[in-house]
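Working notes for the structure below.
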Amino acid sequence: METKERVGCSSLAAAFFLGLGFVGSAVAQTLGTYNITPTKADDLVVPGFYPAIELDLAYDDNIFRTETGTVDSMLFEARPDLQWVGVMGKHVVRLGYQGYYGMYEATSDANFDDHFLGADVTLDLTKKFNLNLTADYRREHEPYSVAVVPVGTRPNLWQQWAVGGEAVYGRRIATAQVALKAVHRNREYTNNGQDFRDRDEDELTFTFFYNLGPKTQLLVEPSLIRYSYHATGSTFDNDLKRLLVGVTWDATAKTTGVFKVGYHDKQFDNGVGDTKGLSTEAKMIWKPKTYSTVTATLSRNAYDSALGGGSRAFEALIAQLDWVHELTRLTELQAGLRYEKDDYDVGRNDDVSEAHVGLSYALRRWLTVGIRYDYQQRASNQAGADFDDNRIAIGLKAALR
């Protein structure tokens, strides 16, 4: 069996979008980061209840992501989204549920139902001190493009509890600002004999910001993640240390972004599988026009591997470019490219390329229809690991925003 961990990947690569037919075949099958966006026009916090549902009918010509013996299928997908935002003075509370359900015509083995429950509170305690607290539970499956299991086997299933907090001292306009974030996660796999991957993750990140001006900040960010595996005698326990330096900017109404670069060092307790090298996180949002947005992201980091055959870790480079353009007041075009290069400690190298294009039309303020095409390809030096996949989906989304 071949599996590959992506736990702990940059949120730039894992962000979850709820948009009609706009969720790609690779990203759609993980709920990603819990996020509430009450309105499309801005990020203002507006109290209220925000229900939404997206329904898609799709055709996928390689549902198991295999090189040979491909299986194609029609599939039906549903993505309910229930969110509530409450404001109590200067404090904000968010509660939400996001689901992702898939049913295949060709085989029930690939069916899935993913769930995410999240809660967070932002406490504006003083003029200089904020405290953010979060808790969530998720139950999800691993896409076949991430974790390859024998055809006819259900995808790997896992569940995770997480709690975290972030303390921020100083205001954005001040000379300096510091933030300390701590997160604990407990993950357990529930099928396919994957319990050897059960683990706790303890993350600690410190960020120091220094203002160069009202719209530009320098930053220094050391972090540590401790991976503790549950299996007795496991040799996978390890620490991931990173040190990043960078800059954030909001220079104009057209361009905002963050760029971090530095070094990562992943060390296993028994010294086998250690890896170190360049680490980076970057995101830039460019709005050449009010009706057009280009988003570029880049990340490189080290992750735990469940490839088997003695593999313990791999390094992933991920680059992504997305474009959203309003053709008219009611019609929107979406297009994107994504590239990922995975280098394993056992000599395996994977190159994953993805592309998508979609079009949506607003029938009403709350109702949108659309169509989207996705392409995904993996080229590997591991025999039998290559695949190509084509997917086309039509659907509708109803949302009270």
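The values are calculated or read from the model by the stated rules, or taken from the named source; none is laboratory data. Computed from a predicted model, the values in this text were never measured in an experiment. Reconstructed Cβ throughout: ideal geometry from the backbone, glycine too, with neighbour counts over all protein chains shown.
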Boolean, Asp351 is of a type in the set (D, E, K, R), out of contact with any His (no Cβ under 6 Å at 6 or more places or on another chain) and either farther than 18 Å from Thr297 by Cβ or part of a strand (DSSP E or B) (or both): yes
Unmet criterion (only one of (1) in contact (Cβ under 8 Å) with a residue 40 or more places away in the chain; (2) in a strand (DSSP E or B)) for Pro155: (2)
Strands (runs of 3 or more DSSP E) wholly inside the range 212-294 containing at least 2 residues that are basic (Lys, Arg) and in contact with a Ser or Thr (Cβ under 7 Å, 6 or more places away or on another chain): 255-268, 275-289
Ser299 surrounded by 20 or more Cβ atoms within 10 Å (Cβ to Cβ), of a type in the set (S, T, N, Q) and either at pLDDT 95 or above or touching a strand residue (DSSP E or B) at 6+ places or on another chain (Cβ under 7 Å) (or both): yes
Test: Asp351 is under 27 Å from Gln382 (Cα atoms), surrounded by fewer than 19 Cβ atoms within 10 Å (Cβ to Cβ), among the acidic types (Asp, Glu) and touching an Asp or Glu at 6+ places or on another chain (Cβ under 9 Å): yes
Complete set of residues in the range 96-123 that are within 19 Å of Phe49 (Cα to Cα), more than 19 Å from the chain's Cα centre (by Cα) and of a type in the set (A, V, I, L, M): Val121
Residue in the range 278-293 that is of a type outside the set (Val, Ile, Thr), surrounded by fewer than 16 Cβ atoms within 10 Å (Cβ to Cβ) and closer than 30 Å to Ala385 by Cβ present: yes
Count of the range 61-84 residues which are within 22 Å of the chain's Cα centre (by Cα) and not in a loop (DSSP other than H, G, I, E, B): 8
Where a residue in the range 247-260 is surrounded by 15 or more Cβ atoms within 10 Å (Cβ to Cβ) and its partner, wherever it lies, is part of a loop (DSSP other than H, G, I, E, B), with Cβ under 6 Å and at least six apart: Asp250/Lys215; Thr256/Asp250
Subset of the range 362-372 [surrounded by fewer than 15 Cβ atoms within 10 Å (Cβ to Cβ) and assigned to a strand (DSSP E or B)]: Leu367
